[in-house]
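Asker: Below you'll find the structure I mean.
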Amino acid sequence: MTSYDRPTTDPQAAAGATPGAGPTPTPAGPPDESGAGREVTEAALFEAFGGVRGLVETVLPGLLFVAIFTVNKDLHVSAIAALAVSLVLAAVRLVRKDTVKHAFGGVFGVAFGVVFAMMTGNAKDFYLPGMLYTLGLALAYIVTTLAGVPLIGLILGPVFKENLSWRTRNPGRKKAYAKASWAWGLILLGKCAVLFPLYWWADTTQLGWVLIALKIPPFLLAVYLTWVFLVKAPPPIDVFAEMEAAEQAEKERKAAPAKDGGEATAGRHRRES
């Protein structure tokens, strides 16, 4: 068991616990469908998946590539333009000191596509790395869920400050993560079922426009289903707060004997004088 999912002590329960009785698990609580629970879930999903800006950074380079290629059929110009705009988007985030993981993910994805297309001379290969990544991600969602560690939980656990506590201490939340991972895996597999035949049978512009059309709707559907499952799930266990409270309680426990000893010594000195 990792440090992230080990059972920790509920600080409030620990204060009145019997010594030697062992840690008391924090109750998972009922499903949190309140306004606050919805807002927390929405904010976490927005942070994890980049929100509207993340979608723009994901779509724009590929859109620019297929638009330019549709007009002039020039692989080099199309590839360089797509890579340039992805670098500009990443640079803007750096200048503004924003989170860069989504922008740099786009840069690497575009760069791999450019390399593949330049090496083979086939413009359709610009899309191949992204398609293979989508297939691999779909399989990862399904395999990790079958293994009992759904990938969406590994992604969102740190965002919710619960890390892996849902694996052993919050079964309702683990079930929600499993449902969400199944949704992501099946949706991405469905997307691959459309794109890979087109890679073999369609031309570059047809594949490109279909791929652009399939960028946002499946993603939004998967995010929406994730939100539905998590809003109905028990609230997350804040393991960071638990660790801080446990450390504070330990410090107070260690300080108590010294304080008691100091008071006893002072009392003895008063009596002797």
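The values are calculated or read from the model by the stated rules, or taken from the named source; none is laboratory data. Just so it is clear, the structure is predicted and the values come from calculations on it, not from any experiment. Surface accessibility is based on the protein's heavy atoms, side chains included, excluding ligands, DNA and RNA. Shrake-Rupley method; radii C 1.70, N 1.55, O 1.52, S 1.80 Å.
Asker: In whole percent, and with a 1.4 Å probe on the protein chains, what portion of the accessible area of the stretch 51-139 is carbon and sulfur?
Answerer: 76
Asker: Using a 1.4 Å probe, how large is the accessible area of V210, given in Å² and rounded to the nearest 10?
Answerer: It works out to around 50 Å².
Asker: If you roll a 1.4 angstrom probe over the protein chains with everything in place, what fraction of the accessible area of the stretch 155-267 belongs to carbon and sulfur, to the nearest %?
Answerer: Carbon and sulfur: 67 percent of the exposed surface of the stretch 155-267.
Asker: Among the lysines, which have Cα under 25 Å from the Cα of K174 when same-chain residues fewer than 8 positions away are ignored?
Answerer: The qualifying lysines are K161, K232.
Asker: Using 0.36 nm times the number of residues separating V88 and N122, minus their current alpha carbon distance, what extension gain do you get?
Answerer: Going from the current span to full extension adds 9.7 nm.
Asker: Using heavy-atom solvent-accessible surface (probe 1.4 Å) with all chains present, what is the largest-first order of R96, R38?
Answerer: R96, R38
Asker: Give me the accessible area per residue for the stretch 109-221, probe 1.4 Å, as a whole number in Å².
Answerer: That works out to 45 Å² per residue.
Asker: Using a 1.4 Å probe and counting only protein heavy atoms, arrange E244, E42 so the residue with the most accessible area comes first.
Answerer: Result of the area sort, largest leading: E244, E42.
Asker: Okay, next question. Rank these residues by their accessible area, most exposed first, probe 1.4 Å: I68, I80.
Answerer: In descending accessible area the options line up as I80, I68.
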